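Below is one structure; the comments refer to it alone.
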Amino acid sequence: MPLPAPIQDLAHRALRNLRLSVTDRCNLRCHYCMPEREYTWLPRKDRLSFEELTAITAAMIPLGVRQVRLTGGEPLLRRGLDQLVSQLTALPGLEDVALTTNGVLLTEQAGDLRAAGLKRLTVSLDTLKAKRFEDTTRQDLLPRVLAGLKAASRAGFEQIKLNTVLLRGSNDDELEDLLDYALESNFELRFIEYMDVGGAQNWKQDFVVSKDQILERIRKRFGEPIPVETPDYVPARRWRLPQGGTFGIVASTTAPFCSACNRARITADGRLYTCLYGTEGLDLRAMMRQPGGAQLVVQAITERWTQRNDRGAEERLEAQDRGAFQKVEDLKQNPHWEMHTKGG
Ligand code: SAM
Ligand code: SF4
Ligand code: SF4
């Protein structure tokens, strides 16, 4: 039987894409994401089980969800993640399951994840310099990430992407080297503009390397990039290089794609957010644990999505004297607002 049409929000945006944050914990401390010494963690007992995550996803398929991305925190810290992948890939109607990871634990897990049915993988990589990696993440683990990427290549994923957040004065001098590395390795690199959301307490406009600046640098070194047609709901614009190979840019700060955003996010303890900048979560965990939970979840998500009017990143463009979006004291009171909790 064909699935019903997706539910739409007030701006006629369909619900299509779900990001599941499977843990708020992380084994790195990237300075643009988790710069603090102390964090308020979600209680372990509140974490949704794999069965609950799968049941919520299944309930959202008739509402429109076709793609799921597992994220965190660091998703590979969640023991037995391949079992969740198996459960999700078995769901009828779900077209795509992907994963975003920092790659530290990939060597150990790439084979099992691939065998469980994961086809696409995104690994975050901001530098190819060991000392700089340590300065950026507070861990001396670049060799493990690079080994993880090699293991992922061997495991035979259909697509491996790299995510790079460029910060002026931190790693922007590596733009060309990172792209060379990606092209040689057959990975598609996506540059992500530095965002002011959640834990990005040190955010300043001056640190943002914009899409236009990135393109200018690429033009100088590689020649004129040729735009590749991409649907408007995909956050990255993509280009082909004259010598072959593609790359993307997610201009989330200077040219946000809110008008086509089809994403919902669920935290590891089951709060649904309809925007990365959103502050009002919907507690699906409590609903799911009641009799007839799946039906309650469907009703509540339908109500929330059909009233959705979020355009967080576009609104931030209008902010005067722009700095970090949230205060660190507020994040300690509301850990759900952290990027590492909501899932980037
Ligand atoms: N830990 C995993 C990782 O790093 O790939 C998954 C979660 S992480 C929050 C997801 C993505 O968000 C990463 O690619 C990371 O670079 C990106 N990110 C984190 N903070 C950001 C910020 N302030 N601006 C832009 N991207 C950010
Ligand atoms: Fe870095 Fe990802 Fe961890 Fe944030 S969640 S500190 S981006 S590895
Ligand atoms: Fe979507 Fe919110 Fe990001 Fe805009 S800011 S693209 S509405 S998640």
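The values are calculated or read from the model by the stated rules, or taken from the named source; none is laboratory data. What you are looking at is a predicted structure, and each value in this text was computed from that prediction instead of being measured. All Cβ positions, even for glycine, are placed from backbone atoms using ideal geometry, and neighbour counts span all protein chains on display.
Table: residues versus (1) farther than 20 Å from Ile160 by Cα; (2) within 17 Å of the chain's Cα centre (by Cα); (3) hydrophobic (A, V, I, L, M, F, W, C).
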{"residue": "Tyr194", "(1), (2), (3)": "yes, yes, no"}
{"residue": "Val197", "(1), (2), (3)": "yes, yes, yes"}
{"residue": "Ala200", "(1), (2), (3)": "yes, yes, yes"}
{"residue": "Val209", "(1), (2), (3)": "yes, no, yes"}
{"residue": "Asp212", "(1), (2), (3)": "yes, no, no"}
{"residue": "Leu215", "(1), (2), (3)": "yes, no, yes"}
{"residue": "Lys220", "(1), (2), (3)": "yes, no, no"}
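Mind listing just one residue for me: the one in the range 32-68 that is within 30 Å of Trp203 (Cα to Cα) and of a type in the set (A, V, I, L, M, F, W, C) and, of those, farthest from ligand 2 (Cβ to nearest atom)? Of everything passing the filter in the range 32-68, Val68 is farthest from ligand 2 (Cβ to nearest atom). When residues in the range 187-218 are screened for being near ligand 1 (Cβ under 10 Å from one of its atoms) and in a loop (DSSP other than H, G, I, E, B), 11 of them pass.
For the range 65-74, a residue qualifies if it is surrounded by 21 or more Cβ atoms within 10 Å (Cβ to Cβ) and either over 11 Å from the mean Cα position of the chain (by Cα) or part of a loop (DSSP other than H, G, I, E, B) (or both), and the qualifying residues are Val65, Gly72, Gly73, Glu74. Against the numbered list (1) closer than 21 Å to Met288 by Cα; (2) without any contact (Cβ under 8 Å) to a residue 12 or more places away in the chain, Leu53 comes up short only at (2).
A quick yes/no check of all residues on (1) farther than 26 Å from Tyr32 by Cα; (2) surrounded by fewer than 23 Cβ atoms within 10 Å (Cβ to Cβ); (3) in contact (Cβ under 8 Å) with a residue 40 or more places away in the chain:
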residue: Ser86; (1), (2), (3): yes, yes, no
residue: Gly93; (1), (2), (3): yes, yes, yes
residue: Asp96; (1), (2), (3): yes, yes, no
residue: Leu99; (1), (2), (3): no, no, no
residue: Gly117; (1), (2), (3): yes, yes, no
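Of all residues in the range 237-248, none are touching a helix residue (DSSP H, G or I) at 6+ places or on another chain (Cβ under 6 Å), surrounded by fewer than 18 Cβ atoms within 10 Å (Cβ to Cβ) and of a type in the set (Lys, Arg).
Note on the range 292-343: enclosed helices (runs of 4 or more DSSP H) holding 3 or more residues that are away from ligand 2 (no atom under 16 Å from the Cβ) and surrounded by 17 or more Cβ atoms within 10 Å (Cβ to Cβ) are 293-306, 312-317.
Scan the range 5-31 for residues that are away from ligand 2 (no atom under 11 Å from the Cβ) and in a loop (DSSP other than H, G, I, E, B) and the total you get is 11. All conditions in (1) modelled with pLDDT under 95; (2) more than 16 Å from ligand 2 (Cβ to nearest atom); (3) within 21 Å of Arg16 (Cβ to Cβ) hold for Leu284, with the sole exception of (1). Could you please give the count of residues in the range 262-299 that are within 15 Å of Val65 (Cα to Cα) and touching a Leu at 6+ places or on another chain (Cβ under 6 Å)? So the count comes out to 4. With respect to the conditions (1) within 16 Å of ligand 2 (Cβ to nearest atom); (2) in a loop (DSSP other than H, G, I, E, B); (3) among the charged types (D, E, K, R), Arg79 lacks only one, and its number is (1).
For the range 250-274, filtered to residues that are within 12 Å of ligand 1 (Cβ to nearest atom) and part of a strand (DSSP E or B), the residue that is surrounded by the fewest Cβ atoms within 10 Å (Cβ to Cβ) is Val250.
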